[in-house]
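Undergrad: Here it is: the structure, laid out below.
The values are calculated or read from the model by the stated rules, or taken from the named source; none is laboratory data. Everything numeric in this text was worked out from a predicted model, so none of it was measured. No Cβ is skipped: glycine too gets one built from the backbone with ideal geometry, and neighbour counts run over all protein chains shown. All accessible areas refer to the heavy atoms of the entire protein, side chains included, with ligands and DNA or RNA removed. Shrake-Rupley method; radii C 1.70, N 1.55, O 1.52, S 1.80 Å.
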Amino acid sequence: MRRLLIVLATLFVASSTFTASLLYGWQWPVADGMISATFGQLHHGGFSRGVVLGGGDAVHPASDGEIVFSFDAGEFAHPLGSYIVLQHDGGFRTLYGNLDPATVLVPPDTATGEFTVEPSQRLAAVGSSGYATGRQTTFEIIDDELDAFVNPLLILPERADRRTPVVGRILIERGSEQLEAGAVTPIVAPATVALVAEIYDAGAATGYLQILAPYEIVVEHDGAEARRITYETLQARGGSFLLGGRYAAEQLYRGERMVHLGEVEVTTEPVTITITVRDFSGNAVSRSVVLRPEF
Amino acid sequence: MKRRKRTTVLLAVVLLAIYLLLFPRGTGEEIQLQVRWIASVAEGASPPATGAQVSEGRASETPESEGGSRDRRRWAFRLGDRFGYLGDSGTVLFASDVLHHVSMTDERFVNYPDVSQTVVLHGPDGTMRSAIDAAGYPLLFEDRMLLLLPDGTTIAEWSIDGATAHRVWQYSIASVYSAIDVAGDVTLVGDIDGRLVALDGAGGELLHYRSRSGRLPVVVAVALSSDAMMAAALIDVEPQRVVVYRRDDEGYTQTAEYTLPASLRRPARMRFLLDDRFLVWEQPHALAGVRLDTDTRFELPLGAPVVDFAAVEDLGLLAVLYASEATGGDAAADAIGDTDAAADAAAADTASTGDAGDAGAAELPRPNVRSGELVLYNAVTRIPVGRLPVEARHFFLHADGDTVLLGLDDRIVAYRFIRG
């Protein structure tokens, strides 16, 4: 927990240039990789455990480390394809997946081989092994102390991004009924309705729309915080992964970009719902709707 | 005078020792490998042939006398990019090219592409049996099917009855899985962070262990005994350990632990063999194991990394296939090594299949050819009782009863064992 607090404090307290990447000296594993999926977003029916980087040529260690495990070919095919796991200082582990199997750095079968790697070394060429639709690299970070996957964007150097996240349609669900919320939406009261919103961060490096997860979603009811969803960690509890230790994918998502934001009680007074979404570069967007009771 | 006598005696002893070394006497344990048949699994292959007998790498012609025993058994094989089924008499019942990967049992297979939303199950004759709408990589075990979901951490079990196919359970291990085995209704999973989880037939946890003792926790191999009463894992790096569990009313309880002299940092093979009396695992250039009833550990040094191993249950033998990594080589003998004996075997093969273009003639050097041996050990004494040099790019090893199937590139040789 201590490490994550340091990381978060670094992100929020210090300037945007002084990030955890400077603290730990980390680099992006694929220099020209385009982010095609981010941590916590709905990916193949569950949470993405890291980032997926499309394109690029070579995969390098994100930081100095030691090879723990190299899955080149086993007795079964792994959906992450050929992958390498590195151990870093501070109890972090990194995983590099979908590598080109013919080029993967395989540790020797000896007790005294050279197992340490540094960022200038190539782990493998970018490949498409495993469950991959093209040349890509799956990059994941595991915090041993937290026993969780950590969002790589908390640790890797910040990438320039001036595009604000998007809050699109806001839906009000009551039982099987669903209606799109306007600025002021009449609700037959009293009622408890579910709030669902189209939320995503737009990828910055592509000519077409790339749906990515934001860093944080905050929901306020009449100015009071009702829900905060941060895309920082994924922890397994009883055989399921929970975002921030709280939300399962099937609870949080109603589709690729439709996020369930909790319940709202509408009784006698109008309720102002404000949804604020931030990305990792500090770009933010807010949208408010008023749920007006009707009797 | 006395000194000369002593020298003479010493010389005699040395000569005797050299003689015994060069021409060892039989111990009665030597195994002759009789070739039952040779099947070509290459595309457009000719029918199987029978004939050569190989012992300690020497081949001789002997007739196959299988009479009336055709295709009582069926064996699944995967050899390089080819897979399929062989009948008991060496008939290629079905053969095809692997798409991305293939998972097989004797009763069904799934040949799947790298990305798919559907799992299509086929019978051994290649006919489609059923299809399941699910994304991931299937793993077939007897009458069970696991699906490895694309996230690399989640495993689901699906019923494989086409009419009522449904997900039985789904479980996300806390990190990326690195090793999986199944026996009975138990699933054993290891992950890259040194976690070991055993699940029952409903996906409930029977065992949840997290290694904290090694410098680098990781699970590189797991194994379940045939009745799932024992579980084992090859775990951690520096030092690497073998942990053994026994199932009881509470789940699994650790019963043994062995610290190993070397560590593998890649997927390794580990199996319970010979009526689950032995636990055997891969080591760097060696096969190691423990006889569980006597807690006797052993290590069999090999000349190169283990390719695969199996037990010849009827004879209490361990068949170990090892081969070096190589980048080229002269493939004068296509199927079996470059020794005289191997050349004999290849010649017998050629004669019986009539495929003169495949072996014997000079060919261009083949990249990635690996050379090694198939060694047969008495499992109890660990004495090698048979050796066969091998050379190929792709290998396949399977043992069943008294038969060993050895696949080398595009042909599979079925050996039967004869003592003496």
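Undergrad: Looking at the range B:257-299, which residues lose a minimum of 20 Å² of accessible area between their chain alone and all protein chains in place, measuring with a 1.4 Å probe and not counting ligands or nucleic acids?
TA: With the partner chains in place, the range B:257-299 has these residues losing at least 20 Å²: B:263, B:265, B:266, B:267, B:269, B:284.
Undergrad: Between the range B:160-213 and the range A:257-284, what is the separation of their alpha carbon centroids in Å?
TA: 37 Å
Undergrad: Carbon and sulfur: what percent of the range A:166-294's accessible surface (1.4 Å probe)?
TA: Carbon-and-sulfur percentage of accessible area, whole number: 45.
Undergrad: Would you list B:391, B:257 from the most to the least accessible area, probe 1.4 Å?
TA: Result of the area sort, largest leading: B:257, B:391.
Undergrad: Here's another thing I want to ask about it. Give me the distance in nm between label points sitting 7 Å out from Cα along the Cα-to-Cβ direction at residue B:120 and residue A:122, one decimal.
TA: 3.7 nm
Undergrad: Further question: Once both axes come from the Cα atoms, what is the angle between helix A:2-13 and the longest principal axis of chain A, in degrees from 0 to 90, rounded to 10?
TA: 60 degrees
Undergrad: Between the range B:387-420 and the range B:71-108, how far is it from one alpha carbon centroid to the other, in angstrom?
TA: 15 Å
Undergrad: Let me ask another. Give me the 1.4 Å probe accessible area per residue for chain A, excluding ligands and nucleic acids, in Å².
TA: 41 Å²
Undergrad: Please list A:44, B:122 in order of solvent-accessible area, largest first, computed with a 1.4 Å probe with all protein chains present.
TA: From most accessible down to least: A:44, B:122.
Undergrad: I would also like to ask the following. Anything losing 20 Å² or more of accessible area from the isolated chain to the full protein assembly: pick those residues out of the range B:138-166, probe 1.4 Å, ligands and DNA/RNA ignored.
TA: Residues losing area: B:139, B:148, B:150, B:151, B:153.
Undergrad: Would you calculate a helix-derived [θ] at 222 nm for chain A, using -39,500 (n - 2.57) for each DSSP H run of n ≥ 4 and dividing by the full residue count, to the nearest 500?
TA: -2000 deg cm²/dmol
Undergrad: Go through the range A:47-95 and flag every residue whose accessible area shrinks by 40 Å² or more with all protein chains in place compared to the isolated chain (probe 1.4 Å).
TA: Residues losing area: A:49, A:66, A:68, A:69, A:75, A:76, A:77, A:78, A:79, A:93.
Undergrad: Explain nothing, just the number: relative contact order of chain A, from Cα pairs under 8 Å at least 6 residues apart, as a whole percent.
TA: 18 percent
Undergrad: Turning to a different aspect of this structure: Return one whole number: the accessible area per residue of the range B:98-152 in Å², for a 1.4 Å probe.
TA: Solvent-accessible surface per residue comes out at 39 Å².
Undergrad: Any idea what the dipole of chain A comes to, in debye rounded to 20, about its Cα centre with Lys/Arg Cβ at +1 and Asp/Glu Cβ at -1?
TA: 560 debye
Undergrad: Continuing with the same structure: Counting protein heavy atoms only and a 1.4 angstrom probe, how many square angstrom of accessible surface do chains B and A bury in total, to the nearest 100?
TA: Answer for the B-A pair: about 3600 Å² buried.
Undergrad: Report the one residue of A:116, A:102, A:142 whose Cα lies farthest in the direction of the positive end of the charge dipole of the range A:100-170 (charges on C-beta: Lys and Arg +1, Asp and Glu -1; origin at the Cα centre).
TA: The listed residue farthest towards the positive side: A:102.
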